[in-house]
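The values are calculated or read from the model by the stated rules, or taken from the named source; none is laboratory data. Everything quoted here is computed from the prediction, not taken from an experiment. Here the Cβ positions follow ideal geometry from the backbone for every residue, glycine too, while neighbour counts run over all protein chains shown. We work out accessible area using only protein heavy atoms, side chains counted, and drop any ligands, DNA or RNA first. Shrake-Rupley method; radii C 1.70, N 1.55, O 1.52, S 1.80 Å.
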Amino acid sequence: MPIYMDFHDLPDGVTAAHVAEMHQADLKIEHKYNCRGLTYWCDERRQTAFCLIEAPNEQAIVDLHQKAHGAVPQRIIEVNDTIVESFLGRIEDPEKSQNTKLNIINDPAFRTLMVVSIGKKNLRKEGYKTLSAAIRGYHKSITNIISKQKGRIVKEKANKYLMSFDSVTNAIKSALEIQEIYNPVITPDLQFQIGISAGIPVTIKESIFEDTIKKANYLCYLAGEKIAISKDVKDLYESENRQNSKHENNVFNVLNSTDEEFVVKLMQYTEKVWSYSDINVTDFHKNLGYSKSKLYRIMMSVIGMSPNGFLKNYRLNMAIDLLEKQESNISEIAYQTGFSSPTYFSKCFQEEYGILPSNYLKLQLT
């Protein structure tokens, strides 16, 4: 049977003990609805609760909750148990959270997610093997840091990591340690980018932590040499570390709420249109709702690139992914990534990375 996670917006005054009682009420009659309650998470401060239930369908969960205690969930999504465990650390009730018959679980499902990307700034043949070896060494160090700070690697792909932390402080400590292990003298052609966001697992989106993952990815993409964090992460970190956070401010790039909203709009629009060769700056300022001059000012202030430069950079990053997949030739990749011709694509690629895309493709085959 499929597994679902539901979201409950708790009324004022509802405590972890009340949620534990509701969980026990579910377990007493779950067999009547062919359901199996696995566990739940409760956050008294944010007034949220999330249940993990094996069920034949969503309606069975609604009917179960309605009959057991009347607290119908606001949202239900289907999830994968392995992914849930990677993000949240468990898929069943912890043993005796408190020494009570109810086994009260006051464990928030709120998580801090960090995306770390190790990118190659220069892809020249003479340094390619050195960079690849350095990345392998960094991988071991990053894995050790995450383990030490009690984080979990949810996903790892193409020198990019998605990690989950119960604690904002542990996420920030991990980011600082990862930044410290990077040695620009030994590997000047590598770039570490780190983005950190935080949120709850179930929202209006279809997938678990979808909003938070996207925001962490966006922040990572735009991080530059600093650690890019959302305003929520900054506020939470400072509330947990009032004595020790000020001296670290120079290594963070903190977006205010307005800039965060702009980044999300920009990245979501770019994800939709980057592959179309007829898209230009005019399309960006019209669809994002800014004049051409205002868009340019905001882009330079928040992103550090002009609209044209940003779009070209985004397309070249996507081209690297396609080259490494080795599923298309250069001409196909040029058009797939929105460049007007293979010649122009090769010119832009060489200017950015110091190597022709055809030669970089050959490196993937050796």
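Quick notes on this one:
- Rounded if a/c under 1.5, otherwise prolate or oblate - segment 169-262, Cα gyration tensor axes: oblate
- Of the trypsin sites (Lys or Arg not before Pro) in segment 20-111, those whose Cβ has at most 16 other Cβ within 10 Å and which sit in DSSP loop: Arg45, Arg46, Arg90, Lys96, Lys101
- The chain: calculated mean residue ellipticity at 222 nm from DSSP helix runs of at least 4, using -39500 (n - 2.57): -14500 deg cm²/dmol
- In terms of Cα atoms, the Rg and Dmax of segment 85-238 work out to 17.3, 66 Å.
- Cα-based shape type of the chain, given that a ≥ b ≥ c are square roots of the gyration tensor eigenvalues and the cut on a/c is 1.5: prolate
- Added length on full extension, which subtracts the Cα-Cα distance from 0.36 nm per residue, Glu177 to Arg136: 13.1 nm
- Cα shape, segment 274-318, gyration tensor, a/c 1.5 rule: oblate
- Long-range HN-HN contacts of Thr48 with modeled amide H, under 5 Å: Leu10, Asp43
- Mean accessible surface per residue for the chain, computed with a 1.4 Å probe while every protein chain stays in place, in Å²: 50
- Between the exposed loop cleavage positions of the chain, defined as GluC sites (Glu not before Pro) in a non-H, G, I, E, B DSSP state with at most 13 neighbouring beta-carbon atoms within 10 angstrom, the longest gap is 96-205.
- Taking the Cα centre of the chain as origin and assigning +1 to Lys and Arg Cβ atoms and -1 to Asp and Glu Cβ atoms, the resulting dipole is close to 1240 debye.
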